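One structure below.
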Amino acid sequence: MTTNLTEQKLMSMFHLLLDHYGPRHWWPAETKLEMMVGAVLTQNTNWKNVEKAVENLKQKKLISVKALYSIDIAMLAQEIRPAGYYNVKANRLKNLIYFIVDHYDGNVNKLSSDEVQALRQGLLSVNGIGPETADSILLYAANHPVFVIDAYTHRILYRHNIIADQATYQEMQELFMDNLPADSALFNEFHALIVEAGKDYCRKKSLCGECPLNSLSY
């Protein structure tokens, strides 16, 4: 079986990162719903802040569709305060929960088993859910082979001359999905590794000399 040049580049990147970091075991959540909550809370903040907010919800036994549906939105906002933009995110969480209730009878497993394109369009129709959040839910909660694109992905691909600086979300997503096997485990691990490399090395002020991708050859 032959591989194209783009696939070779991407898989070389994957293996260099995996050798450096090892498996990431991402997304850190006990349930699909907890993962989905985290995907909303992580917008515009770091994961440590999300962990504090999720822990607040766990302590109050609020990680359930029924509890999140019933809780007063002002109370919900206070519980997720550590994640920042808590009033906005409380509304977005409520919107997501209403979507699950209205379209899937409040059953997260029913949501996960839906056809991928229908589910993606449904998620994108929820106010406050953009492509990155929707695709994170598709990949990490529903186990669909959909590659998640974020700012780290763009920066790393651009700095390695794999994409143009103006590349769109869809163009970057297609780069992975058209050139790699449709494997949710691979996409899961690859995206998590890209995030680690982005945080540690591929910053706005980059640390290219120390990055495991420094030895990437084409």
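Taken together, the values in this text are just the output of simple stated rules run on the coordinates, not laboratory data. None of the values given here were measured: they were computed from a predicted structure. Cβ: placed from backbone, ideal geometry, glycine included. Neighbour counts: every protein chain shown.
Odds and ends about this structure:
- Charge dipole of segment 73-144 about the Cα centre (unit charges at C-beta), most positive-ward option of Pro82, Gly128, Leu138: Pro82
- For the listed residue pairs Lys52/Lys205; Lys9/Lys32; Lys58/Lys204; Lys94/Lys199; Lys58/Lys89, the alpha carbons are over 25 angstrom apart in Lys52/Lys205; Lys9/Lys32; Lys58/Lys204; Lys94/Lys199.
- The dipole here belongs to segment 60-218: it is taken about the Cα centre, uses +1 on the Cβ of Lys and Arg and -1 on the Cβ of Asp and Glu, and is about 760 debye.
- Values of log10 I(q)/I(0) for segment 90-215 across q = 0.12, 0.15, 0.19 Å⁻¹ run -0.51, -0.75, -1.06, by the Debye formula with one identical scatterer at each alpha carbon and no solvent.
- The slack between Asp102 and Lys60, meaning 0.36 nm per residue of separation minus the straight C-alpha distance, is 12.7 nm.
- Cα-based radius of gyration of segment 32-141 once divided by 2.2 N^0.38 Å, which approximates compact folds: 0.97
- Distance-filtered residues of segment 146-170 - backbone nitrogen under 19 Å, label point 7 angstrom along Gln8 Cα→Cβ: 160-163
- Cleavage-rule hits, GluC sites (Glu not before Pro), segment 66-147, DSSP coil, Cβ neighbours within 10 Å at most 16: Glu115
- In the chain, the inverse of the mean reciprocal separation of distinct Cα atoms equals 18.2 Å; this is its Kirkwood hydrodynamic radius.
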